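Quick notes on the structure that follows.
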Amino acid sequence: MSARKQARTRPVSIRTIVASREFARGLDEVRNGLPFNPDVDSWDYERGRCFGFIAPLDMPLRIGNALNRKALKLAEAAFFRKLLI
């Protein structure tokens, strides 16, 4: 039996994660009561779903085209506290 190789990793900012389409999709799906979609192969999607259980329902991810600063601060705190990884 051969060992699986570790996937390549790269550093990425929390802002980049929160701004991603996949993060927004995961958040929207949780807020709309949709189940986890195993066909979506994205860490940001899973992070967005987790964030959906942390963030207040009335906290938008974006205001206009810009990220909501409060949502970004909440995500930063969640990453710091290891609620999101």
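The values are calculated or read from the model by the stated rules, or taken from the named source; none is laboratory data. Predicted model only: the values in this text are computed from it and were never measured. We place every Cβ from the backbone using ideal geometry, glycine too, and count neighbours over all the protein chains shown. Each accessible area value is taken on the protein alone, full model and side chains, heavy atoms only, with ligands, DNA and RNA left out. Shrake-Rupley method; radii C 1.70, N 1.55, O 1.52, S 1.80 Å.
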Share of the chain's accessible area from carbon and sulfur, percent, 1.4 Å?
54
Point-to-point label distance, D39-R69, nm (Cα→Cβ direction, 7 Å offset):
4.0
Low-density loop cleavage sites - chymotrypsin sites (Phe, Trp or Tyr not before Pro) in region 40-85, where at most 12 other Cβ are within 10 Å (DSSP)
F53
Using alpha-carbon coordinates, inclination of helix 43-52 to the longest axis of the chain, degrees:
40
For the modelled label position 7 Å from the Cα of F80 along Cα-to-Cβ, which residues of region 1-41 have backbone nitrogen atoms closer than 16 Å?
14-15
Under the definition of Cα pairs under 8 Å and six or more residues apart, what whole-number percent is the relative contact order of the chain?
28
What longest range of the chain stays clear of loop-exposed trypsin sites (Lys or Arg not before Pro) (DSSP non-H/G/I/E/B, at most 15 other C-beta within 10 angstrom)?
9-80
By how many degrees, between 0 and 90 and to the nearest 10, does the Cα long axis of helix 21-31 differ from the longest principal axis of the chain?
70
Taking a probe of 1.4 Å, how large is the accessible area per residue of the chain, in Å²?
79
Once you have the Cα-Cα distance between S2 and I54, take 0.36 nm times their residue separation minus that, and quote the gain in nm to one decimal.
14.8 nm
About its Cα centre, what dipole magnitude does the chain give when the only charges are +1 on Lys and Arg Cβ and -1 on Asp and Glu Cβ, stated in debye to the nearest 20?
420
